[in-house]
Amino acid sequence: MRFSQNFLREFVEINIPPAELARRLTLAGIEVVSLKPWGGDWIFEAEVTANRPDLLSIWGLSYEVRAILGGKIKFNTYPPLSSQGSLPIYIEEKKLVPFYAGRLMEGVKVERSPLWLRQRLASVGIEEINNIVDITNYCLFKWGAPLHAFDAAKIKGAVHVRRAKEGEKLLCLDGKERTLSSADLVIADEGRVLAIAGIIGGKDSEINPQTKKVFLEAAVFDPLSIRRTSRRLGLNTEASYRFERQVLPFNTAQASQEAVELILRQGGGRLVGTRKLGREEGKKGKRVTLSLARLNRYLDTRLKLPQVATILKRLGCEVRLQKEDNLLVNLPRHRKDLTAEVDLFEEVARIYGYKNIPIRLSFVNNSARVSAALEFKRRLKRISVQAGFREIVSFSLIPEEEAKKLSGYAYVKLINPLRSGENVLRPQLWGGILQAFRYNLNQSQSDLDFFEIANVYLCEGKRVQEETHYVVASVGEGEKDLLRFKGRVLTILSALGIERVEFLPQSESKFLSAALVKSQELSLGIMGVIKVGAKKNKKAKGFIFETSLGVLYKAARPPQFRPFSYLPGIKRDISLALKPGYHFSQIEPKLREVGGEMLTKIVVIDFYKGSNLPPGYRGVTLRFYYQLPQRTLTAAEVDTLHQRIRQILAESSDIILR
Amino acid sequence: MEEEILKIKKEAVQQITAATAAELESLHIKFLGRKSLLAQLTARLRELPPAQKPLIGRLINETKRTIEQMLEEKSGALAKAEGEEFDLTLPALPQACGSLHPLTLVAEEIEEVFKNLGFVVAEGDEIEDEDHNFSALNIPLEHPSRDMFDTFYLEEGLHKKETQGRLLLRSHTSPAQIRVMRNLRPPLAVLVPGRVYRPDAVDATHSFMFHQIEGFAVDRDLRFSDLKGVLINFARKLFTAETQLRFRPSFFPFTEPSAEVDISCIICKGKGCTVCKGNGWLEVLGCGMIHPRVLQACGIDSKKWQGYAFGMGVERIAMLKFGIDDIRLFYNNHKKFLEQFNAF
Ligand SMILES: [Zn+2]
C-alpha cells in the first residue's frame, strides 16, 4: 500500500518526523519498505498483511496511526444511503453481491481534475484520467472501497449483476479482449457485458469527454468469486486486490456518497436516482471479553487496565469495564480480522511494543523422545564423510523423461509444475548424483565422491509412499576404480556393523553392470556402474550404491569388541585372468569351502593388462590370507592348502593362471 | 708395520672418496672384512716385540674407526645425492577428504542450540494433504493468506495411508507440527527440519525446493517472553553474542500474536550496508504464540496449554552465516563449493 503523509495528515494528527513514523509503523506491524520525499510530501510504501484489508485505505491507516501516536481523527461520515427515484438494477447472484448501490447523475461535465485531486492521485501512484474517474480512484484510496463509473448512455435498459455466459467476450479498459467463463461475475445491461465485476470495466462504457450521464456503481462482491476470476484471467487490479481481501458495505456507501458529492461539485450536473440493495453494517461489531489476568499471563506483562483500554479505544474499539479485571470489548466494524480474545492480545502487544515484553529462557519440558532413526542418519553422514565422500543436495523434482528411463519404478507426478523440467517426484536418488557428476566433469573437476540422504517417492497403484534413501557414488573408469569404490562402501557398511556382505550379479538395463548387495539374507540395495555422459570426459563412469535408510538401520549393529589374534598370519598371492563375462562370485564359494576357517580374507592387490592375455580377459592378482586364532600355522600346511586353492582355480576353464 | 698401516689408510681415503653406492659394500669388506689387510696385520701383532705391540695395536684400531666413519659418511652423502632427502618446503600432494553439505552444517548447528534447551528433533513426510498443510493450521482453503503458501499439487486420485483433502508437497514444515501434536500429549518441545516446496521461479534468492526448520513448544505456562528468550538465545549462539533482535508484529494464520524477527546486520553491525539494504536489519525468521484454534484442531485444550512456534529458512541462515550470495550454489554441488566446507 502506497500512501502519502499529506493525504494521511488530512485525517489524523501526526506530530513526528516521517522517518520516525515509518519506524513506529514498522514496529507496530505495518512494515514500511520505502520512504521517499516527493514535492513537499513524503511517500510511504508499506507491506500490508493479508489479514488487514482495512489498511488498504487512508481511513484504516488513520486508526492505526492514532493507536500508535495517540492523536485525533478527523473524518466526516455520511448517514446511510437510501434509494431515490427509479433505477432498474437486478442482482441475479445475491449471495455473491451482499451490497450494491447504483447512482445516476445527469448533466455532468467531463474534464481534467483540479490540482489538489491530481496531486493526491499522483502521490499514491495513480495516473490521472478525467475528473470522474479520478474521483472514483480518490475515494478508493481514501475509503478502501472500489467504485466504478459507467457512461450511462451506453447502458441499454436495466443493469444486471449476473454470471457470464460461457465464452462471452469483453473488450476491457486496458484495451485487451477477455473471454469469460460461466463462473465469472459480470455487470451487464439488457444485451451485453459492461464490466467484469470487481476487477475491470469495459472499454465501450468508459467515461469519455462526451459523457453526460454517469452511472456510479458502489458494491461489495464475494472475495472468493473475485479471487477465482482474477486468478483465472491473470488480472490483478487495485479493485480486485481489495475485493479479494474483503470490502465493507459501510466504506462502500461512504465512498459512493463522497464520490457523488465531489462529482457534482467538480463536474456539475445532478443526481437523478439512487438504488441501494443490501445494508450497511451497524457501527458496533462483535463483542469479546478480555481478561487482564489472561492477557498478562499470555504475554508475561504487567499491564494495567487503563493502559489496555486506551490502546483498544484508539484502535476503534468500544470498551466497558466488567466485573473484576475483565473488559467487554466491542470490536470496530472495520476490523473483521479480530474475532477472539487472543486477537486482542496481539493488538495490545503490538501497540504496547513487542520490545517491551520481557525475555525468559528456561529448559523445556518434553514428552517427545529422541528418534533413534534420526540419530542413525546423522551417524551415517559422518561415516560417509570419514570414508571420503562429500554430501550433496539435489532436487527432489525431476523431468518425466528421466523418470521414464528408470523402468521398473512407478512415479508420482505433479499437476501444477513450474516447468516440465521438474514435474515428477523422483523414485530414486542416484539420478541427482549423476547430474552432479556430469556438471562437475564438464566444469573440469576430478576426484568426485558424493553421497546424499533424501526421500524418494513411490507409487503402488494409487497409493503414494515416500521413504528415505542413501546413495553413495564415485566417478572412475576401470574395474580397479570400481573395486576401490566397493572397498570404501564395505568400509562404510562395516562401520555400521554390517558384515558378511555379498554381491550377487544382477542384470539391470540402465546399468552397464550391477549387483544386488546382500548381508545375511537381507537385501541392502543395488550397486551399479553407469556411463556418466559428460561432454568433457566420455570415458567416465559412475559407480553407485543406493539403499533405503530403513534397511540399513535394520541391518546395522552397534560396535562390538571381538578378540583378535596376535599370531602372525601367512599370505600367498595368485595372479590370474578372468574370461569376459565370468564373475569371480561363480568360483568364490568353492574357494571359501576349501579354505575353511584358515582362509581369513581374499583381497585384490594388483591389476594387469597385456598382450599376453586373450582379448577381453581381465588380469588380477589376488592375495590370500591364512591364519588360525589358536596357533601359528606352519609354512608347509599353508602351502598344502594354497596349492588346493590354486588347483580349483586352475581347473576352471574360465580362468587362466599365471 | 707402521708404514704399511699408513699406506692402507691413504689407499682407503682415496678409494672411498671416489666410490659409488654399489662399491661401498665391497670396500667395506676390503678394508674392514675378516680377510682385509688390517685384519692380517692384527694377526701379525704377536710377531712384534712387546714394546711396539700397544702402539701398533692402537694405530690399527684408530685406522679401522676412521675407515668405518668415512664409509658411513660416504654412504649418507650418496643417499642424499640419490634423493633420499626430505624437503618439507616442496608443495604438498593433494589429499582427498569428505565433507558435509553446508546446509547440513547449519541445520545441525541450529538443532544443537535447541537440543541444549531440551528440544527433540523429529521429521515429517514431504507429501502431505490439505488438512495438515492448511486447514489444521487455520489457513482457509481459498483466501489471500494462502498466497504466501503457493503449493505444488500431486496428480488427482492418489492417496496416502490416511488422506484428508488433496495431496501436495508440503509448502512448509508446519504439517509435521500438527502430526506431532496429534500423536503426542504435551508438554512438547520439537524441532522439525526438512525440505519444503513452493512454485517459485529459481533465481539468486529463490528456489522451488528449500529447507526449513520449524520449532514449537507446548506447556502449561509458556508465554510470549519464552518465545523471545529461545530466539534471542538461538541468534546469539548461531551468530555472535552481540547480535540484537527486533520482533516485528506480522501475520501468520497459525500464530497469534505473530512476529517476524530481524537480527542486527552481521555484516555492518547495524550501520547499514548492501546486504541489509541499508536499514541495519536482516529478516531471519517468523514466529508467534500457537493459535488456540491450531491447538484445538490437534485435540489440545487451549485453556490449559499454551505454546509458541517459529520457523526459518536454512538456506537464508547459511547464506548470511557463510556470506553466500546465490542460493543456486547449494543445489549445483560444484566441488569447488563443497570443498570450502571441509573445515566444519
Ligand atoms: Zn548491513
When you check B:Lys237 against the structure, is it within 16 Å of the ligand (Cβ to nearest atom), among the charged types (D, E, K, R) and more than 8 Å from chain A (Cβ to nearest Cβ), yes or no? no
Taking segment A:414-453 as the search range and keeping residues that are among the charged types (D, E, K, R) and within 9 Å of another protein chain (Cβ to nearest Cβ), which one is surrounded by the fewest Cβ atoms within 10 Å (Cβ to Cβ)? A:Arg419
Name the single residue, out of those in segment A:48-69 being more than 14 Å from chain B (Cβ to nearest Cβ) and open to solvent by 30 Å² or more (accessible area, probe 1.4 Å), that is nearest to A:Glu261 (Cα to Cα). A:Tyr63
Do we have any residue at all in segment B:300-312 that's modelled with pLDDT of 95 or more, hydroxyl-bearing (Ser, Thr, Tyr) and touching a Phe, Trp or Tyr at 6+ places or on another chain (Cβ under 9 Å)? yes
Quick check on segment B:201-209. Is at least one of its residues assigned to a strand (DSSP E or B), among the β-branched types (Val, Ile, Thr) and within 12 Å of chain A (Cβ to nearest Cβ)? no
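Being within 27 Å of A:Leu552 (Cα to Cα) and part of a helix (DSSP H, G or I) is the filter; apply it to segment A:389-403 and report the residue that is farthest from the other protein chains (Cβ to nearest Cβ).
Filtering first and then ranking leaves A:Glu402.
Filter segment A:377-393 down to the residues that are of a type outside the set (A, V, I, L, M) and open to solvent by 10 Å² or more (accessible area, probe 1.4 Å), then identify the one that is nearest to A:Val456 (Cα to Cα).
A:Lys377
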With facing chain B (nearest Cβ under 8 Å), open to solvent by less than 50 Å² (accessible area, probe 1.4 Å) and closer than 30 Å to B:Glu156 by Cβ as the only criterion, which of A:Val456, A:Val464 stands out? A:Val464
The number of residues in segment B:272-324 that are within 11 Å of chain A (Cβ to nearest Cβ) and within 16 Å of the ligand (Cβ to nearest atom) is 5
So which strands (runs of 3 or more DSSP E) stay within segment A:94-205 end to end and still have 3 or more residues that are under 19 Å from A:Gln254 (Cβ atoms)? A:99-106, A:147-151
Restricting to segment B:168-200, name every residue that is open to solvent by less than 10 Å² (accessible area, probe 1.4 Å), closer than 11 Å to B:Thr151 by Cβ and facing chain A (nearest Cβ under 8 Å). B:Leu169, B:Tyr197
Within the group B:Leu231, B:Leu238, which residue is closer than 27 Å to A:Asp337 by Cβ, open to solvent by less than 30 Å² (accessible area, probe 1.4 Å) and either among the hydrophobic types (A, V, I, L, M, F, W, C) or out of contact with any helix residue (DSSP H, G or I) (no Cβ under 8 Å at 6 or more places or on another chain) (or both)? B:Leu231
Of everything in segment A:371-388, what is within 7 Å of chain B (Cβ to nearest Cβ) and out of contact with any Lys or Arg (no Cβ under 8 Å at 6 or more places or on another chain)? Give them in sequence order. A:Ser371, A:Leu374, A:Lys381, A:Ser384, A:Val385, A:Gln386
How do the pairs read when you match residues in segment A:256-269 that are over 11 Å from A:Ile132 (Cα atoms) with residues anywhere that are of a type in the set (Ser, Thr, Tyr), using Cβ under 6 Å and keeping only pairs 6 or more apart or on different chains? A:Gln257/A:Tyr78
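Can you find a residue that is open to solvent by less than 30 Å² (accessible area, probe 1.4 Å), in a loop (DSSP other than H, G, I, E, B) and not acidic (Asp, Glu) anywhere in segment A:216-226?
The answer is yes; a qualifying residue exists.
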Residues satisfying the stated conditions in segment B:325-338, i.e. open to solvent by less than 70 Å² (accessible area, probe 1.4 Å), within 11 Å of chain A (Cβ to nearest Cβ) and of a type in the set (D, E, K, R): B:Lys335
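Listed here are the residues, each with its yes/no results for (1) open to solvent by less than 40 Å² (accessible area, probe 1.4 Å); (2) within 25 Å of A:Tyr409 (Cα to Cα); (3) without any contact (Cβ under 8 Å) to a residue 12 or more places away in the chain; (4) touching a His at 6+ places or on another chain (Cβ under 7 Å).
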| residue | (1), (2), (3), (4) |
| --- | --- |
| A:Gly487 | yes, no, yes, no |
| A:Thr491 | no, no, no, no |
| A:Ser494 | no, no, yes, no |
| A:Gly497 | yes, no, no, no |
| A:Glu508 | no, yes, no, no |
| A:Ala515 | yes, yes, no, no |
| A:Gly528 | yes, yes, no, no |
| A:Val532 | yes, yes, no, no |
Within segment B:245-271, residues being within 12 Å of the ligand (Cβ to nearest atom) and open to solvent by 30 Å² or more (accessible area, probe 1.4 Å) number 5
Out of the residues in segment A:60-92 meeting the condition of being part of a loop (DSSP other than H, G, I, E, B) and of a type in the set (A, V, I, L, M), tell me which one is nearest to A:Glu106 (Cα to Cα). A:Leu87
Would you check which residues across segment A:570-620 are assigned to a loop (DSSP other than H, G, I, E, B) and closer than 24 Å to A:Val638 by Cβ and list them? A:Ile587
Give just the number: which of (1) open to solvent by less than 10 Å² (accessible area, probe 1.4 Å); (2) part of a helix (DSSP H, G or I); (3) away from every other protein chain (no Cβ under 11 Å); (4) not aromatic (Phe, Trp, Tyr) does A:Asp343 not satisfy? (3)
What single numbered condition from (1) buried (at least 20 other Cβ atoms within 10 Å of the Cβ); (2) within 10 Å of chain A (Cβ to nearest Cβ); (3) part of a loop (DSSP other than H, G, I, E, B) fails to hold for B:Phe114? (3)
Which of the residues spanning segment A:122-168 are over 14 Å from A:Ile58 (Cβ atoms) and of a type in the set (Lys, Arg)? A:Lys154, A:Lys156, A:Arg162, A:Arg163, A:Lys165
Taking B:Ala92 and the conditions (1) within 12 Å of chain A (Cβ to nearest Cβ); (2) assigned to a loop (DSSP other than H, G, I, E, B), which numbered condition does it fall short on, given that it satisfies the others? (1)
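The values are calculated or read from the model by the stated rules, or taken from the named source; none is laboratory data. What you see is a predicted model, and the numbers here were worked out from it, not measured in a lab. All Cβ positions, glycine included, derive from the backbone under ideal geometry; neighbour counts span all protein chains shown. Calculation scope for accessible area: heavy atoms of the full protein, side chains included, ligands and nucleic acids excluded. Shrake-Rupley method; radii C 1.70, N 1.55, O 1.52, S 1.80 Å.
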